[in-house]
Amino acid sequence: MSSRKKVLLKVIILGDSGVGKTSLMNQFVNKKFSNQYKATIGADFLTKEVIVDDRIVTMQIWDTAGQERFQSLGVAFYRGADCCVLVFDVTAPNTFKSLESWRDEFLIQASPRDPDHFPFVILGNKVDLDNRAVSAKRAQQWCQSKNDIPYFETSAKEAVNVELAFQTIARNALAQETEAELYNEFPDQIKLNANDNNRNRDGDNCAC
Amino acid sequence: MSCSSTEDLPDQYKELFTQDGVLLKACIGRPISDLNSIGMLCVVQNSDGTKCIEWRPNDLITIDSDTQDQEWAVVNTIGRRQRTLSGNMTSDYAAARARIVRIPLAELKTFKVTRNNQQMQFSTKSGVWQNTFYFQHGNAEIFVAYLKNHVKTAKTRHDRNTYVVVESNIDSQALNKSFTELDIFTENTTDVVWSLVSNFKQRPYETTMEAFSKLTDIVWSVLVYYGNEGLNGKRDVSEEVADLLTKSMSALEDTTSITKSDEYEVITVKPTLPPRPCIPRGTPLSTEKWEGLQDTEGRILEVEGVKQLIFRGGVAHSIRPAVWKYLLDYYPWRSTHSEIRKIQKRKTEEYFSMKLQWRSITERQESRFSEYRERKSLVEKDVNRTDRSHPFFAGDNNPNVLLLQDILMTYVMYNFDLGYVQGMSDVLAPLLLLLGNEVDSFWCFAGFMEKIASNFDMDQAGMKQQLLNLQQLLTFAVPDLAKHLASKDSGNMYFCFRWLLVWFKREFSFSDIMRLWEVLWTGLPCANFHLLICVAILDAEKDVLISKDYGFNEILKHVNDLSMCLDIDKILSTAEGIYHQLMSAPHLTDQIRIILGIPTAANNPNDRNEESESEDLGDEEPGRENARNQANGYTRI
Ligand SMILES: Nc1nc2c(ncn2[C@@H]2O[C@H](COP(=O)(O)OP(=O)(O)O)[C@@H](O)[C@H]2O)c(=O)[nH]1
Ligand SMILES: [Mg+2]
């Protein structure tokens with residue numbers, strides 16, 4: 001495929017209110033953490049150019065409000081996503097338990113072409129805190145059970161693993177995007193192959 | 001289908017346009033006692049189809065609504081009043097009727113607009129100004145614009161304020177008649193469209209503005225109707241209409257734009273909105289004025305008057321803590337100083353007993369009470385990220401952040417069904433900043449929440465409804481922008497979600513949001529005025545959004561980035577201007593009337609009378625005036 005073609009990767013960050021979605025996005029894009037960020041109302045996105053395998057791609061990262069009643073409006077922004085990032089707070093078990101329903105909700109609302117192989121990435125955030133309540137092992141097990149979703153332990157506050165996580169997000173989103181393109185150009189033959197590739201890569205890149 | 005009841009009543013006398021608050025300053029041949037009285041300036045159509053400018057004193061209208069059991073009755077609808085008269089009038093009424101001033105349009109020679117667009121003079125004989133009127137509310141712009149639809153004018157070379165009538169009654173009588181005969185709102189709609197089409201076909205194309213506005217009225221509703229309902233397989237009818245209109249309206253390029261599309265919307269008739277009046281903002285309600293408004297025991301009797309003042313200019317910062325308590329229904333307007341002291345005492349006790357309810361939950365209780373725990377942690381998370389950059393809430397262990405938390409937790413006990421929803425901490429922050437006091441802030445917050453509780457519904461029905469209503473208002477007021485948004489997948493107006501949820505809290509500085517909120521709390525000049533604020537902001541961004549061909553993402557980004565870059569006074573003034581434009585639009589639909597909480601064309605006139613009687617006012621006469629002013633969209637200063 002042509003490397004000159006401009007690529008836009010749409011990434012959606014989901015998770016309960018307060019897990020650190022907005023902070024993670026800002027840490028990745030603006031390289032800073034502030035405890036003056038406001039709770040997200042409605043939706044917003046930030047863009048950032050990154051290099052993935054010698055290609056310059058633009059990541060468009062969408063952040064929405066986490067409280068469940070606002071989700072019915074958030075779904076308007078899911079469409080066309082190339083990757084979905086699910087975030088929980090390692091100090092709040094409830095936010096971990098919610099991952100399943102965030103994932104299901106996304107798959108229903110965004111209805112990606114191939115839900116079984118749509119790229120997700122899980123981030124267990126706030127590892128800088130010492131009142132940890134969800135173990136890395138428990139999180140990893142869950143990720144493995146869901147088709148080997150890549151899992152990262154992050155701290156938006158102390159910029160731990162944020163860069164690495166978003167590199168993986170970008171790579172998997174790009175794979176998804178490329179696959180989607182191929183699919184559109186050659187509807188039938190390519191599909192199965194591309195899926196297989198995508199899956200292998202997901203597995204390799206698991207950083208835990 | 002929305003339609004006016006005017007069309008289907010046998011009475012031919014019709015008011016085509018009315019403007020309230022017009023003072024008769026001079027009138028040749030009238031006794032001085034008739035002058036300087038306030039009334040309503042209208043353009044009316046007589047039963048023979050001729051039209052005239054008519055000024056009617058207000059006391060006549062007062063009598064009208066007082067005497068419903070008389071044999072004659074007055075049917076009031078917004079902007080269109082009609083009457084059925086018979087011989088049995090009271091003598092008062094007859095006397096008042098004698099004071100009506102009439103200027104037949106056919107005789108009108110010149111008119112002149114002076115004194116900052118607030119004065120209008122009319123002449124039917126060269127060299128003499130027979131009538132002078134003074135527009136107390138707003139100005140004569142809309143009236144002149146309307147008048148120009150009926151008479152062809154030219155400006156004189158020496159005096160730019162004087163208009164010479166070159167042709168009066170420019171619409172053809174025949175055309176008028178054919179519309180009446182169409183009886184458009186009772187027949188099968190498809191037939192009506194066809195007969196409309198064939199009638200229109202036969203008309204010469206030198207259609208005047210008047211004829212056009214009439215047509216728009218009808219065609220618009222027909223199209224809107226079909227647009228919503230689908231054509232039940234008869235789409236070709238509307239296409240035929242579109243084609244015909246394309247041909248016949250090409251002469252009116254300024255007012256119509258016709259676009260072809262494979263979808264249902266084959267034609268867009270740019271509604272003929274009257275020009276937008278520019279209404280300057282007033283000065284804030286001052287301490288002196290506020291004190292002057294209270295009687296010796298502290299009661300505020302001129303409630304409507306106070307609200308009008310606040311609507312116009314807001315409240316001076318130093319008296320905000322006092323005035324907001326009334327605006328947010330913590331203190332009733334008519335309570336005396338001693339009553340207020342009792343209220344404070346009672347409300348303080350009530351607050352602390354609710355606070356105690358959650359304060360006394362022990363840690364062990366909490367560990368078995370997940371719902372409570374979740375709410376508490378949600379509140380905690382949000383207060384910790386509420387306006388922390390403002391000095392009042394800045395820094396670690398800030399006691400004001402704790403106050404936010406306590407008030408919101410107590411609100412959870414006050415309204416457990418609703419609980420805490422994101423956005424509430426934003427709503428509370430300016431109140432606490434201003435009032436400083438926990439109890440006052442709580443009750444004012446509770447009062448504010450009364451007004452916007454539906455924003456926080458579990459099913460978000462209230463928000464969805466508002467987004468829909470906003471889209472409908474925008475379609476009517478700024479159709480080209482609404483069309484652009486729809487074409488970019490943004491017709492759902494989601495990008496305005498933040499504006500609506502917390503009433504623009506995130507878009508303005510603290511001092512500006514205080515101004516905006518106090519204006520909105522007055523409930524003037526109509527329901528859902530905050531939606532017109534949205535329309536005003538979007539209207540100012542229209543050129544950028546359209547000319548740069550912004551899509552879904554860019555629209556959202558652009559709108560989000562407007563935060564802290566908006567001029568509150570300009571927006572308030574524009575929103576009010578848009579409101580007046582809508583009110584005087586000849587094609588105003590019931591859909592819009594319902595959103596703005598004004599009576600629909602089909603409404604029972606008695607409802608309106610009851611409304612004005614229940615107005616919370618001391619003085620009878622201004623009371624009526626206010627009610628009417630409000631209904632007609634003119635705010636009394
Ligand atoms: N200690 C710590 N706090 C964090 C971290 N990320 C976010 N926070 C805090 O958690 C709260 C919620 O963060 P935010 O990004 O607004 O969460 P969102 O609702 O998911 O967008 C804020 O008070 C942040 O300062 C982190 O990595 N470590
Ligand atoms: Mg957020």
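The values are calculated or read from the model by the stated rules, or taken from the named source; none is laboratory data. Fair warning: this is a prediction, and the values are worked out from it, not measured in the lab. Backbone-built Cβ (ideal geometry, glycine too); neighbour counts: all protein chains shown. Ligands, DNA and RNA are excluded from the accessible area calculation, which covers all protein heavy atoms including side chains. Shrake-Rupley method; radii C 1.70, N 1.55, O 1.52, S 1.80 Å.
Does A:E68 fit the bill of being open to solvent by 10 Å² or more (accessible area, probe 1.4 Å), away from ligand 1 (no atom under 16 Å from the Cβ) and without any contact (Cβ under 8 Å) to a residue 24 or more places away in the chain?
Values: open to solvent by 10 Å² or more (accessible area, probe 1.4 Å): yes; away from ligand 1 (no atom under 16 Å from the Cβ): no; without any contact (Cβ under 8 Å) to a residue 24 or more places away in the chain: yes.
The answer is no for A:E68.
Looking for whichever is within 13 Å of another protein chain (Cβ to nearest Cβ), closer than 21 Å to A:V19 by Cβ and of a type in the set (G, A, S) here; the options are B:S377, B:S389. Which one fits? Steps first, please.
On the way: B:S389 fails: closer than 21 Å to A:V19 by Cβ.
Result: B:S377 is the single residue among B:S377, B:S389 that is within 13 Å of another protein chain (Cβ to nearest Cβ), closer than 21 Å to A:V19 by Cβ and of a type in the set (G, A, S).
Restricting attention to segment A:110-158, and to residues there that are within 14 Å of chain B (Cβ to nearest Cβ) and within 17 Å of the chain's Cα centre (by Cα), which single residue is farthest from ligand 2 (Cβ to nearest atom)?
The first filter runs over segment A:110-158 and keeps only residues within 14 Å of chain B (Cβ to nearest Cβ), leaving A:125-126, A:129, A:131, A:133, A:156-157.
So of that shortlist, the ones also within 17 Å of the chain's Cα centre (by Cα) come out as A:125-126, A:156.
On the way: A:N125: 12, A:K126: 14, A:A156: 11 Å.
So the residue we want is A:K126.
Tally time: how many residues in segment A:51-78 are outside any helix (DSSP H, G or I) and either more than 14 Å from the chain's Cα centre (by Cα) or under 12 Å from A:L8 (Cα atoms) (or both)? Working first, answer last.
Going through segment A:51-78, the residues outside any helix (DSSP H, G or I) turn out to be A:51-67, A:78.
Then keep just the ones that are either more than 14 Å from the chain's Cα centre (by Cα) or under 12 Å from A:L8 (Cα atoms) (or both); that gives A:51-61, A:65-67.
Within segment A:51-78, residues that are outside any helix (DSSP H, G or I) and either more than 14 Å from the chain's Cα centre (by Cα) or under 12 Å from A:L8 (Cα atoms) (or both) number 14.
Name every residue in segment A:2-24 that is within 14 Å of chain B (Cβ to nearest Cβ), closer than 26 Å to B:C496 by Cβ and either touching a Leu at 6+ places or on another chain (Cβ under 7 Å) or loosely packed, with under 15 Cβ neighbours inside 10 Å (or both), in order of residue number.
Taking segment A:2-24 first, the residues within 14 Å of chain B (Cβ to nearest Cβ) are A:8-12, A:15-23.
Now restrict to residues that are closer than 26 Å to B:C496 by Cβ: A:8, A:10-12, A:15-18, A:21-23.
Within segment A:2-24, A:L8, A:G15, A:S17 qualify.
Under the condition of being in a loop (DSSP other than H, G, I, E, B) and within 24 Å of B:Q45 (Cβ to Cβ), which residue from segment B:107-136 is least open to solvent (accessible area, probe 1.4 Å)? Steps first, please.
At the first step, the residues of segment B:107-136 found to be in a loop (DSSP other than H, G, I, E, B) are B:108-109, B:115-118, B:124, B:126-127, B:129-130, B:136.
So of that shortlist, the ones also within 24 Å of B:Q45 (Cβ to Cβ) come out as B:108-109, B:124, B:130.
Working: B:L108: 7, B:K109: 104, B:T124: 41, B:Q130: 32 Å².
For segment B:107-136, the residue satisfying everything is B:L108.
Those residues that are surrounded by 16 or more Cβ atoms within 10 Å (Cβ to Cβ) and more than 9 Å from ligand 1 (Cβ to nearest atom), I need them from segment A:30-45; list them, please.
Within segment A:30-45, A:I41, A:G42, A:A43, A:D44, A:F45 qualify.
May I ask you to list the residues in segment A:97-155 that are in contact with a Phe, Trp or Tyr (Cβ under 8 Å, 6 or more places away or on another chain), part of a loop (DSSP other than H, G, I, E, B), of a type outside the set (V, I, T) and within 15 Å of ligand 1 (Cβ to nearest atom)?
Across segment A:97-155, the qualifying residue is only A:S98.
Conditions first: (1) open to solvent by 10 Å² or more (accessible area, probe 1.4 Å); (2) more than 27 Å from B:E374 (Cα to Cα); (3) within 15 Å of ligand 2 (Cβ to nearest atom); (4) under 17 Å from the mean Cα position of the chain (by Cα). A:K48 passes all but one, so which condition is the exception?
Of the numbered conditions (1) open to solvent by 10 Å² or more (accessible area, probe 1.4 Å); (2) more than 27 Å from B:E374 (Cα to Cα); (3) within 15 Å of ligand 2 (Cβ to nearest atom); (4) under 17 Å from the mean Cα position of the chain (by Cα), the odd one out for A:K48 is (3).
Could you identify the single residue in A:V85, A:V7 that is closer than 19 Å to B:N553 by Cβ, at pLDDT below 95 and of a type in the set (V, I, T)?
Values: A:V85 fails: at pLDDT below 95.
Criteria check complete, one pass: A:V7.
For (1) touching a residue at least 12 places away in the same chain (Cβ under 8 Å); (2) away from every other protein chain (no Cβ under 14 Å); (3) not hydroxyl-bearing (S, T, Y), each residue gets a yes or a no:
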residue: B:T336; (1), (2), (3): yes, yes, no
residue: B:Y351; (1), (2), (3): yes, yes, no
residue: B:S360; (1), (2), (3): no, yes, no
residue: B:Y372; (1), (2), (3): yes, no, no
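Could you list all residues from segment B:506-532 that are within 14 Å of chain A (Cβ to nearest Cβ) and buried (at least 23 other Cβ atoms within 10 Å of the Cβ)?
Within segment B:506-532, just B:E507 meets the criteria.
Using the structure shown, decide if A:V90 is surrounded by 23 or more Cβ atoms within 10 Å (Cβ to Cβ), away from every other protein chain (no Cβ under 14 Å) and within 16 Å of ligand 2 (Cβ to nearest atom).
Considered against the rule, which asks whether it is surrounded by 23 or more Cβ atoms within 10 Å (Cβ to Cβ), away from every other protein chain (no Cβ under 14 Å) and within 16 Å of ligand 2 (Cβ to nearest atom), A:V90 comes out as no.
In segment B:406-419, which residues are within 14 Å of chain A (Cβ to nearest Cβ) and open to solvent by 10 Å² or more (accessible area, probe 1.4 Å)?
Selection gives B:D417, B:L418.
Can you tell me which residues in segment A:156-173 are within 16 Å of ligand 1 (Cβ to nearest atom) and of a type in the set (G, A, S)?
Correct list: A:A156, A:A159, A:A165.
When you scan segment B:421-440, do you find a residue that is closer than 27 Å to B:R320 by Cα, away from every other protein chain (no Cβ under 14 Å) and surrounded by fewer than 16 Cβ atoms within 10 Å (Cβ to Cβ), even just one?
Scanning segment B:421-440 turns up at least one residue that is closer than 27 Å to B:R320 by Cα, away from every other protein chain (no Cβ under 14 Å) and surrounded by fewer than 16 Cβ atoms within 10 Å (Cβ to Cβ).
Only one residue in A:L46, A:L73, A:L107 is under 26 Å from B:M424 (Cα atoms) and either more than 14 Å from chain B (Cβ to nearest Cβ) or in contact with a strand residue (DSSP E or B) (Cβ under 6 Å, 6 or more places away or on another chain) (or both), so which one is that?
Working: A:L73 fails: either more than 14 Å from chain B (Cβ to nearest Cβ) or in contact with a strand residue (DSSP E or B) (Cβ under 6 Å, 6 or more places away or on another chain) (or both); A:L107 fails: under 26 Å from B:M424 (Cα atoms).
Result: A:L46 is the single residue among A:L46, A:L73, A:L107 that is under 26 Å from B:M424 (Cα atoms) and either more than 14 Å from chain B (Cβ to nearest Cβ) or in contact with a strand residue (DSSP E or B) (Cβ under 6 Å, 6 or more places away or on another chain) (or both).
Pairs needed: first member in segment A:22-39, under 19 Å from A:L86 (Cα atoms); second member anywhere, in a helix (DSSP H, G or I) and open to solvent by 70 Å² or more (accessible area, probe 1.4 Å); C-beta distance under 8 Å; at least 6 residues apart or different chains.
Note: pairs meeting the criteria are A:F28/A:E163.
With the requirement that a residue be away from chain A (no Cβ under 14 Å), open to solvent by 30 Å² or more (accessible area, probe 1.4 Å) and not acidic (D, E), what does segment B:555-591 give you?
Result: B:C565, B:K570, B:T574, B:P586, B:Q591.
Restricting to segment B:447-466, count the residues that are more than 14 Å from chain A (Cβ to nearest Cβ) and either touching a residue at least 40 places away in the same chain (Cβ under 8 Å) or open to solvent by 50 Å² or more (accessible area, probe 1.4 Å) (or both).
Taking segment B:447-466 and keeping what is more than 14 Å from chain A (Cβ to nearest Cβ), we get B:447-451.
So of that shortlist, the ones also either touching a residue at least 40 places away in the same chain (Cβ under 8 Å) or open to solvent by 50 Å² or more (accessible area, probe 1.4 Å) (or both) come out as B:447-448, B:450-451.
Number satisfying all stated conditions: 4.
Could you look through segment A:71-80, keep only residues that are of a type outside the set (A, V, I, L, M, F, W, C) and open to solvent by less than 20 Å² (accessible area, probe 1.4 Å), and pick out the one that is modelled with the lowest pLDDT?
Filtering segment A:71-80 for residues of a type outside the set (A, V, I, L, M, F, W, C) gives A:71-72, A:74, A:78-80.
Applying the additional criterion that residues be open to solvent by less than 20 Å² (accessible area, probe 1.4 Å) yields A:71, A:74, A:78.
Values: A:Q71: 78, A:G74: 72, A:Y78: 90.
The selected residue is A:G74.
Return only the number of the condition from (1) within 16 Å of ligand 2 (Cβ to nearest atom); (2) modelled with pLDDT of 95 or more that A:E68 does not satisfy.
The number of the failed condition is (2).
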